[in-house]
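Engineer: Please find one structure pasted underneath; my questions will follow.
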Amino acid sequence: MSKAVNHAAEGAALGFYYQSLYALKAILDNKHDDAALCLERLDDVEISANGENFLTQLKHSIKPNPASVTISSTLLWKTFKVWIDLLPKLNLDETKLQLITVAPIGKKSELFVLTQENSDRELLLLKLSEEAARVKEEHERSLTQKKCL
């Protein structure tokens with residue numbers, strides 16, 4: 001007998017609902033008369049106002065206690081991938097990138113500096129580089145092992 005497949009969509013539906021509510025609040029909170037809002041264009045939520053663009057990735061969860069965002073979180077690296085793919089379309093001098101999540105970021109996490117606008121991010125950059133190198137090495141080792149089989 002095969003396992004029952006769960007086709008429930010409440011997580012995705014709540015994610016889109018959360019996205020809409022976040023976008024509405026963000027545009028209403030914006031103090032500029034020229035503010036414009038787009039959903040699912042360059043990013044989940046995009047607000048252009050006063051010559052600046054705010055691109056926001058939203059990560060929602062229906063879990064009561066979602067896992068913390070860490071240096072090695074898939075959620076974080078998928079967000080980086082989205083932004084890297086956008087780089088040719090962006091003027092970084094006029095763009096702010098935001099990751100909004102319901103998951104916690106521990107105060108002792110290297111990522112906590114991202115919650116403070118003018119904080120020193122040197123250690124964070126080092127840790128992200130180390131994680132990227134670790135994953136790349138792991139991937140290359142996996143490919144080498146497959147070739148040997």
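Engineer: Can you give the helix-only mean residue ellipticity at 222 nm for the chain, where every DSSP H stretch with n ≥ 4 adds -39500 (n - 2.57) and the sum goes over all residues, rounded to the nearest 500 deg cm²/dmol?
Structural biologist: For the chain, the value works out to -14000 deg cm²/dmol.
Engineer: Springs between alpha-carbon atoms under 10 Å, Gaussian network over the chain: tell me which of VAL45, VAL135, VAL102 tops the mean-square fluctuations.
Structural biologist: Sorting by GNM fluctuation, first place goes to VAL135.
Engineer: Taking one equal scatterer on every alpha-carbon of the range 50-133, how large is log10 of I(q)/I(0) by Debye at q = 0.19, 0.21, 0.22, 0.25 1/Å?
Structural biologist: Reported log10 I(q)/I(0), two decimals: -1.00, -1.20, -1.29, -1.47.
Engineer: With a 1.4 Å probe and every protein chain left in place, work out the accessible area per residue of the chain in Å², rounded to a whole number.
Structural biologist: Details: 11100 Å² over 149 residues.
Solvent-accessible surface per residue comes out at 74 Å².
Engineer: So which of LYS31/LYS63; LYS59/LYS127; LYS59/LYS146; LYS31/LYS96; LYS63/LYS96; LYS107/LYS136 end up more than 25 Å apart, counting from Cα to Cα?
Structural biologist: Those over the limit are LYS31/LYS63; LYS59/LYS146; LYS63/LYS96; LYS107/LYS136.
Engineer: While we're here: Treat every Asp and Glu Cβ in the chain as -1 and every Lys and Arg Cβ as +1, leave all other atoms uncharged, and give the resulting dipole magnitude about the Cα centre to the nearest 20 debye.
Structural biologist: So the dipole magnitude of the chain works out to roughly 860 debye.
Engineer: Restricting attention to the alpha-carbon atoms of the range 102-149, what are Rg (one decimal) and Dmax (integer), both in Å?
Structural biologist: That works out to 15.9, 50 Å for Rg and Dmax.
Engineer: So, one more: Treating the angle as unsigned and between 0 and 90°, give the value, to the nearest 10°, between the Cα long axis of helix 122-148 and the longest Cα principal axis of the chain.
Structural biologist: The angle comes out near 40 degrees.
Engineer: Mind checking the dipole of the range 50-99: about its Cα centre, +1 per Lys or Arg Cβ, -1 per Asp or Glu Cβ, Debye to the nearest 20? Spell out each step's value before the answer.
Structural biologist: On the way: 6 positive and 4 negative charges, 67 e Å.
With Lys and Arg at +1 and Asp and Glu at -1, about 320 debye.
Engineer: Now for a different question. Counting pairs of Cα atoms in the chain, how many percent are more than 26 Å apart?
Structural biologist: Taking all Cα-Cα pairs of the chain, the fraction more than 26 Å apart is 41 percent.
Engineer: Also, quick follow-up: Could you tell me which residue out of THR74, TYR22, VAL45 lies farthest along the dipole of the range 19-97 toward its positive end? Charges go on the beta carbon: Lys and Arg +1, Asp and Glu -1, centred on the Cα centre.
Structural biologist: Final value for the positive-end residue is THR74.
Engineer: Further question on the same structure: In nm, give the distance between the simple-model label positions of LYS96 and LYS63, each being 7 Å from the Cα along the Cα-to-Cβ direction.
Structural biologist: Here the modelled spin labels are 2.9 nm apart.
Engineer: Can you tell me what share of the DSSP beta bridges in the chain is antiparallel? A percent to the nearest 5 is fine.
Structural biologist: So the antiparallel bridges in the chain amount to around 55 percent.
The values are calculated or read from the model by the stated rules, or taken from the named source; none is laboratory data. It should be emphasised that the depicted structure is a prediction, and the values quoted were computed from it without experimental measurement. Here Cβ is always computed from backbone atoms with ideal geometry, including for glycine, and neighbour counts include all displayed protein chains. Ligands, DNA and RNA are excluded from the accessible area calculation, which covers all protein heavy atoms including side chains. Shrake-Rupley method; radii C 1.70, N 1.55, O 1.52, S 1.80 Å.
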